[in-house]
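Some notes on the structure that comes next.
Bear in mind these aren't lab numbers, they're just calculated from the coordinates by the rules spelled out. Computed from a predicted model, the values in this text were never measured in an experiment. Cβ placement follows ideal geometry from the backbone for every residue including glycine, while neighbour counts extend to all protein chains displayed.
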Amino acid sequence: MKVELVDVGFTYSPGTPFERRVFEGLNFKIEPGKFVLITGRNGSGKTTLLQIIALVMKPTSGKVLIDGQDAWTSPRKWRRKIGFSFQFPENQFFSLSVFVEVVYAPKNFGIKSLEDSYQRAMALVGLEPGSYRNLIPYVLSGGEKRKVGIASIISHDPELLVLDEPMVSLDWPSRKEMLSFLEKWKASGKSAAVATHNTELFKKLADDILVL
Ligand SMILES: Nc1ncnc2c1ncn2[C@@H]1O[C@H](COP(=O)(O)OP(=O)(O)O)[C@@H](O)[C@H]1O
Ligand SMILES: [Mg+2]
């Protein structure tokens, strides 16, 4: 899957006293299988841009093309191929078991083999599927929660992963595990867009860096 931003601009609350123009005339591509880092100081628009890439927000100007088509003519079709989470995915837990949490998206998309989806996602993030299955997500450690959060956005087998500051608030062992997950992700031929204020952490993986 190839994602292209063509002359993309975004303004919050246009035409009001709270108008805030974040960026304008942005052009860049995420080629299939590539790992793109998005960086810039606080408030530069990283989170805004990720939401545009993930088709959560529509740009106020310009176009998002996926495989050459205007993504906003059938956003639902494309969202199925994207795994996106807001920063701190673990803050959005709502289930009483890891299994239910992880298979929410595939269930929603009508995927039949929920067990396969669960096993595959947990293996990728490096959690033993059986022993976590019936645990309450809230009781897990910080690193485990982050992994379950990631598992829940890749369980529907997307082609593009979109992550906002995935290393924030993780300790060193968990950061290493996050990197090894991202390496596996990339090795499987899938693409990723990752926002970070610390490009150093991802320099082995990055194919491209966009500075806002
Ligand atoms: N929902 C919103 N309404 C109005 N302004 C916003 C909103 N979200 C973010 N902003 C503003 O847009 C700018 C970019 O924010 P953001 O995309 O969160 O940047 P970053 O992730 O790089 O810190 C900031 O000035 C921020 O205050
Ligand atoms: Mg942000």
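Once every DSSP H run of n ≥ 4 in the chain is given -39500 (n - 2.57) and the sum is divided by its residues, what mean residue ellipticity at 222 nm do you get, rounded to the nearest 500 deg cm²/dmol? Can you show the working numbers first?
On the way: 8 runs with 68 residues, N = 212.
Calculated from helices alone, the mean residue ellipticity at 222 nm is -9000 deg cm²/dmol.
Which order, highest average first, do 51-63, 126-138 follow once you tally other Cβ atoms within 10 Å for each residue and take the mean per peptide? Walk me through the intermediate numbers first.
Working: 51-63: 18.5, 126-138: 14.7.
Highest to lowest by the protection proxy: 51-63, 126-138.
Express as a percent, rounded to the nearest 5, the fraction of DSSP beta bridges in the chain (both residues included) that run antiparallel.
Working: 14 of 31 bridges.
The antiparallel fraction comes to roughly 45 percent.
Using a Förster radius of 41 Å, what is the FRET efficiency between Thr16 and Phe109 based on their Cβ-Cβ separation? Nearest 0.05, please.
On the way: r = 36 Å, r/R0 = 0.87.
Rounded to the nearest 0.05, the efficiency is 0.70.
Taking the Cα centre of segment 14-139 as origin and charging only Cβ (+1 Lys, Arg; -1 Asp, Glu), how large is the dipole, in debye to the nearest 20?
Details: 17 positive and 10 negative charges, 70 e Å.
The dipole magnitude comes to about 340 debye.
Find the all-direction average of the projected area of the Cα convex hull for segment 89-179, expressing the result in square nanometres with one decimal place. Could the numbers behind the result be given before it?
Numbers: hull surface 22.3 nm².
Taking the Cα atoms of segment 89-179, their convex hull projects to 5.6 nm² on average.
Could you sort 27-35, 159-167 so that the peptide with the highest average Cβ count within 10 Å comes first and the rest follow in order? Please list the in-between numbers first.
Numbers: 27-35: 16.0, 159-167: 22.1.
Result, highest mean Cβ count within 10 Å first: 159-167, 27-35.
May I ask you to list the aspartates and glutamates whose Cα is less than 16 Å away from that of Lys147, ignoring any residue fewer than eight positions away on the same chain?
Within reach: Glu90, Glu101, Glu128, Asp157, Asp164, Glu165, Asp171, Glu177, Glu183.
Scan around Phe84 for amide H atoms under 5 Å from its own, H built in the peptide plane at 1.01 Å from N, and keep only partners 5 or more places away or cross-chain.
Long-range HN contacts for Phe84: Val162.
How many nm is it between the label spots at Trp72 and Glu128, if each spot is 7 Å from the Cα in line with the beta carbon?
4.9 nm
Per the Kirkwood definition applied to all pairs of different Cα atoms, how many angstroms is the hydrodynamic radius of segment 3-68? Kindly include the intermediate steps, with their values, before the conclusion.
Values: mean 1/r = 0.0802 Å⁻¹.
Computed over segment 3-68, the radius equals 12.5 Å.
If contacts are Cα pairs under 8 angstrom and at least 6 residues apart, what is the relative contact order of the chain in percent? Walk me through the numbers on the way to the answer.
Details: 384 pairs, mean separation 64.1, N = 212.
Normalised by residue count, the contact order of the chain is 30 percent.
Give the Rg (one decimal place) followed by the Dmax (whole number) of the chain, computed from C-alpha coordinates and expressed in Å.
17.1, 53
Can you list the residues, at least 5 places off or on another chain, whose amide H is less than 5 Å from the amide H of Gln69, using H built in the peptide plane?
The answer is none.
Rounded to two decimals, what ratio of Rg to Rh does segment 26-133 give with C-alpha atoms and a Kirkwood Rh? Write down the numbers at each step before the final one.
Numbers: Rg = 16.3 Å, Rh = 16.3 Å.
Checking Rg against Rh, the ratio lands at 1.00.
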